[in-house]
Amino acid sequence: MATHKTWGMKTLAVDIGGSGVKALVLDEAGEPQTNRSRVDTPQPATPEKIVGAIAQLASDQTFDRVSVGFPGVVRQGIIGTAVNLDASWIGFDLGITLTEKLGKPVRVANDADIQGLGAISGQGIELVVTLGTGFGSALFVDGRLVPNLEMGHHPFRKDETYEQQLGRAALESIGKKRWNRRLEKAIATLEHLFNYNRLYIGGGEAKQVTLGLPANVTLVGNIMGLLGGIALWRD
Ligand code: BGC
């Protein structure tokens, strides 16, 4: 029988994306307690403006701690890359800045890593890719994360990276049909490279996937980018 705690910590889960910043509150079991709220990603997408957007989303919520998914490399709350936001993010301590701003403990991780934490079964080799403004990737071995896998910026085909071929800009310029054909090729390449037990495809544009997927490939909703945030607080 499931034991649900009626007390306990509330987590504000935040997902910073290239087009929107999203948030909702999770209970201790990781169940959503609020609807998802969203603001457009401010432009230029500087640390100051995005921290402001998060503070705005947080202002009418009650929570005890915060999980943040960031679209780039993150180590101990410090940003390593931010290709689709602004160069001023490099070296920025998002963890400390938000802890001070919101007055609550904050944990930050790569957005695809968080999406994966929400989606995986915890068994075998599980690869996650996210299709949105950028191309995110995350790798898990029996539930253990290999953090900050940055496959999106690696060569895929025709002298272009996965992100150049399959990011939102490519989808908009070549259309859904050709984009799906590219995705089919990417899946075949990734299967040979990783020999995964399961591949999960998430992100805001996963809803544009129309190709017939192999049996070991699963589509996951973009909401996982928020729901996975609870995993940052599991010890
Ligand atoms: C970034 C990744 C991120 C992905 C999806 C890429 O451009 O380099 O870190 O996970 O976009 O947001």
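Please treat every number below as a calculation from the coordinates, not as lab data. Just so it is clear, the structure is predicted and the values come from calculations on it, not from any experiment. Every residue, glycine as well, gets a Cβ built from its backbone with ideal geometry; the counts of neighbours run over all protein chains shown.
Some values worked out for this structure:
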item	result
Segment 130-149, residues that are assigned to a strand (DSSP E or B) and near the ligand (Cβ under 9 Å from one of its atoms)	Thr130, Leu131, Phe135, Gly136, Ser137, Ala138
Boolean, Ala215 is free of Cβ contacts under 8 Å to residues at least 12 places away in the same chain, away from the ligand (no atom under 13 Å from the Cβ) and not in a helix (DSSP H, G or I)	yes
Failed condition for Leu171, given (1) touching a Phe, Trp or Tyr at 6+ places or on another chain (Cβ under 9 Å); (2) part of a loop (DSSP other than H, G, I, E, B)	(2)
The one condition in (1) in contact with a helix residue (DSSP H, G or I) (Cβ under 7 Å, 6 or more places away or on another chain); (2) of a type outside the set (Ser, Thr, Tyr); (3) surrounded by 15 or more Cβ atoms within 10 Å (Cβ to Cβ) that Ile230 fails to fulfil	(1)
Residue within segment 51-71 that is in contact with a Phe, Trp or Tyr (Cβ under 6 Å, 6 or more places away or on another chain) and without any contact (Cβ under 8 Å) to a residue 40 or more places away in the chain present	no
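Condition check ((1) within 10 Å of the ligand (Cβ to nearest atom); (2) of a type in the set (A, V, I, L, M, F, W, C); (3) farther than 23 Å from Pro32 by Cα) across all residues:
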| site | (1), (2), (3) |
| --- | --- |
| Gln61 | no, no, no |
| Gly91 | no, no, yes |
| Phe156 | no, yes, yes |
| Leu171 | no, yes, yes |
